[in-house]
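Down below is the structure, laid out as C-alpha cells.
The values are calculated or read from the model by the stated rules, or taken from the named source; none is laboratory data. Not measured: the values here are computed from a predicted model. So basically every Cβ, Gly included, is an ideal-geometry build from the backbone, and we count neighbours across all protein chains shown. Side chains included, ligands, DNA and RNA excluded: accessible areas come from the protein's heavy atoms. Shrake-Rupley method; radii C 1.70, N 1.55, O 1.52, S 1.80 Å.
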Amino acid sequence: MIAVAVMLTACNSDDFTGFETAGVSGSATVSGGSATLSETGTTDIATFDIVTDATPLASETEVVDATNEDFVESMLAEETDGLKTLTITYNGSTAEWTYCKKSGVVIATQATAGNSYEDEDVAISVSGAHVTVNAAKKIDYILQGTSTDGNFKLYSEKKFILDLNGLTLANKSGAAINIQKGSDGDKRCYLRVKDGTANTLSDGATYVTTDGEDEKGVIFSEGKLLISGTGTLSVKANGKHGIVSDDYVYLHAGTNTDIRPAAGCHGIKANDAVYIAGGVHNIICSGDAPKGVTADSLVCVTGGRTTIINSGKAVYDSEEQDYSQPSCVKSDSIVYVKGGELLCKATGNGGKGIRAARIYTQDGGTVKIITTGQAVGSSSSGMGRTMSSSSDAEPKGLHVGKKSDTTGQLTVNGGKLIVRCTGGEGAEGIESKNWIVINGGQVESYCYDDAINAAKSLTINGGYVYGNGTNNDGIDSNGNLTINGGVVVGCGASQPEDGIDCDQNTLAIKGGIVVGIGGSTSTPTSNYCTQPSLVTSTSLSSGAVLVLRKSDGTNVAALKVPSRYNGTYTVLLSAPGLAVGNTYSVVGGATISGTSFQGVVYDALSVSGGSASYSYTQSSMVVGGGSSMGGGMMPGERPF
C-alpha cells in the first residue's frame, strides 16, 4: 500500500473550472477530518532563522591524505628535526624577536643583534612593531603579544609554519599579516592557531603598499594558506578583506574564526579555491556587494559549521553595465558541499545566498539559506518594480549559472538543502540557468516567486522535494520536467500559477509520490508517463483531509489541507498505488496518522472514517483536466 498525506501551506485560492472526467460522480468537495502526523522533515521552513554561533563542535573527524602536502602540514620528520624557530613578541609600539635552533639553542636575539639581523637562512628587520623577514629556509614563526601599530611581513622561499600564540595585532597602514612571494615563487603557509589561545587581527582603514606588491586583507598570502588549531581567531577589517590568498585557503577541522571584512569587502577570498574541512566560522558582511566566501575556481565544504550573515546591497557598475550583487558564497565556477553545515543569510536588496557560475553539487551536509532583500534594477514590464536601467539584480537563494547564458548545472545527491526567499518579485529559491537533477536528499524551498526553477530541464529521481511559491509556481521547469521517484510536493499560488509547471513542455511522471496544488497545473504528458495521474478541481476547506481510496479499500494517497486553503484548487496526484482500469473514490472527513515529510505521510499511514465525495475510473494514464493556464500539454493534446 502506498500512503501519502500532505500538509500544504501558503497558497492563494482561485477558481478552476471545467473538470471534465468521464465516469466521475459526486460533488468534488472535501471538508472535515483530522491528522496526527509524525514529522521527520523540516517543519519550520517559513520561520527558521540563521544567527552566528561560536560554540565549538562537540567532535569532528577530518579525513585527509597524509601524503598530500596540499592539505596537511607536510613538514616531514627529517625536515622538522632541523627546523628553526623565530619567536616574535609584540609589546605596544615595539617587537622583540628570538631566533633558535629546533633544539632550543638560541642563535640570536634582538637584544644582542639589534633591529637588523642576517645570516645565510634569514634576514630580520624591525621598525617599531613592524617586522619584516626574508627567509631561504623552512622556519616555524611564532607570533605573540599585543600591538596597535605593527605587522608581520614575510618573504619566504620555502614552505613554513606560522603559529599564532595569543596575538593581538593591528596595522594602521595595511595588513596585519602579509605573506609575499620569495624568489622561488608561491609557497605554503601552515597557519596554526595555538590551542587555548585567543588571537585578534585587524588592518588599517587605508593601506600604504610597496610598489609591485599586492596587499588585500587583514591576513594576505600570495601562496597557499592552510589554517589549523583550536584556538580562536578574530579578524576585523577596517580597510579591505578578511582573509585572502592568491592561491587557495584551507580551513581544517577544529578551527574557530570570526571574520568581519570592511564594508563592501569579502570575508574569505581566494583566486583558486576555498576549502572548509571543518571548524566553526562566522562571517559578517555589509556595504556594497560584499561576499562572505568567494573563489574564482571552487568553494568546497566538507565539514564544520560556517555561518555567513550578509547585509550588503547590490550596486550598479556603469562600466560593466550590470549590477554587482552581494552573496554569502560565490564561485566563478563550482560550489561543492559534501558535509558539515553551511548557513547563509542575505538581507540586502539583490542579495543571494549561494552563487555558482557553472556547477553546484551537494552530496551531503546541511545547507540553509535565507534571503529577504528586494529586487533592484530595471524593467518596464509591470512586474511591480521601479527600475532605471537595462539589467536587474534579483534576490535568489541558490543561483547556478550566469544570467547571460545557460551554463548552470545543479545536482543534489544527498544531504539537506533548505531555502527561504521572501523578498518580493524575482525572489526565487533554487534556480539553475540550465538544468536541475535531484537524486536524493531533502530539498525544500519556500519563496515569494518560483520556489524551484530550471531554465531548461528538471529531473527528480529520488529524495524528498518540496517547493512552495507563495506568489508564483512551486516547482517549475521552463523545459521538460521528469519525475522518476521520491516524494515530490509543489505548492503554487492562484491561477495562472501552478503547483507543478513546465509550460507547454513534457511533464513525465514515471514513479514516486507526486502532489501539486495551486491555481492550475501542467498536465502530465500521457505518452511519456509510466505511472498514472489524477488532475482534479476540488473545493477544499481549512483543515480538511482528502484521501484517495481504491474500490477495494486500499488508501492510495491522503492530503491534509492547512488553514490558508479555502476554495477551489487544482490538485495533481500521482502515486505507485494508481493503476489504469481501477476505480477510485475521493474521501473527505477522514482521520489520518503516519510518518510524514512536510505533511506527506510516506510510511505507516492509518485512515479511519470519512465519506466518498466522488468516484472515478482511472481509464487512462492521465485522468482529469480543464482550464489549466499553466499548461503542460504537448502540442496536439487536449485536456481530458
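A few comments on the model shown:
- Matching strands (runs of 3 or more DSSP E) fully within the stretch 274-324 where at least 1 residues are within 15 Å of Ile334 (Cβ to Cβ) and of a type outside the set (Ser, Thr, Tyr): 291-295, 298-301
- Pairing each residue of the stretch 613-626 that is farther than 18 Å from Gly581 by Cβ and open to solvent by less than 30 Å² (accessible area, probe 1.4 Å) with any residue that is at pLDDT 90 or above and polar (S, T, N, Q), provided the two are 6+ apart or on different chains, yields C-beta distances under 8 Å for Ser613/Ser585; Tyr614/Ser585; Gly625/Thr523.
- Consider the stretch 596-608 and keep the residues that are on the phi < 0 side of the Ramachandran plot and buried (at least 17 other Cβ atoms within 10 Å of the Cβ). The one that is farthest from the chain's Cα centre (by Cα) is Val607.
- Scanning the stretch 117-142 for residues that are at negative phi, outside any strand (DSSP E or B) and open to solvent by 30 Å² or more (accessible area, probe 1.4 Å) turns up Asp119, Glu120, Ala136, Lys137, Lys138.
- Within the stretch 494-514, if we keep just the residues that are small (Gly, Ala, Ser) and either touching an Asp or Glu at 6+ places or on another chain (Cβ under 8 Å) or in a strand (DSSP E or B) (or both), the residue that is nearest to Asn453 (Cα to Cα) turns out to be Gly499.
- Every residue from the stretch 403-430 that is closer than 12 Å to Gly441 by Cβ and not hydroxyl-bearing (Ser, Thr, Tyr): Val412, Asn413, Gly414, Gly415, Lys416, Leu417, Ile418
- Looking only at the stretch 239-259, and only at residues there that are over 14 Å from Ile227 (Cα atoms) and charged (D, E, K, R), the one that is most open to solvent (accessible area, probe 1.4 Å): Lys240
- Hey, Val535 in contact with a Leu (Cβ under 6 Å, 6 or more places away or on another chain), in contact (Cβ under 8 Å) with a residue 60 or more places away in the chain, part of a strand (DSSP E or B) and β-branched (Val, Ile, Thr) or not: yes
- Given (1) assigned to a loop (DSSP other than H, G, I, E, B); (2) in contact (Cβ under 8 Å) with a residue 12 or more places away in the chain, index of the condition Val329 fails: (1)
- Residue in the stretch 202-209 that is assigned to a strand (DSSP E or B) and open to solvent by 40 Å² or more (accessible area, probe 1.4 Å) present: no
- Checking the stated criteria, Glu431 turns out not to satisfy the condition of being touching a residue at least 24 places away in the same chain (Cβ under 8 Å), within 16 Å of Ile45 (Cβ to Cβ), out of contact with any Pro (no Cβ under 7 Å at 6 or more places or on another chain) and assigned to a strand (DSSP E or B).
- When each of Gly150, Gly166, Gly145, Gly174 is tested for being buried (at least 21 other Cβ atoms within 10 Å of the Cβ) and on the phi > 0 side of the Ramachandran plot, the lone residue that passes is Gly174.
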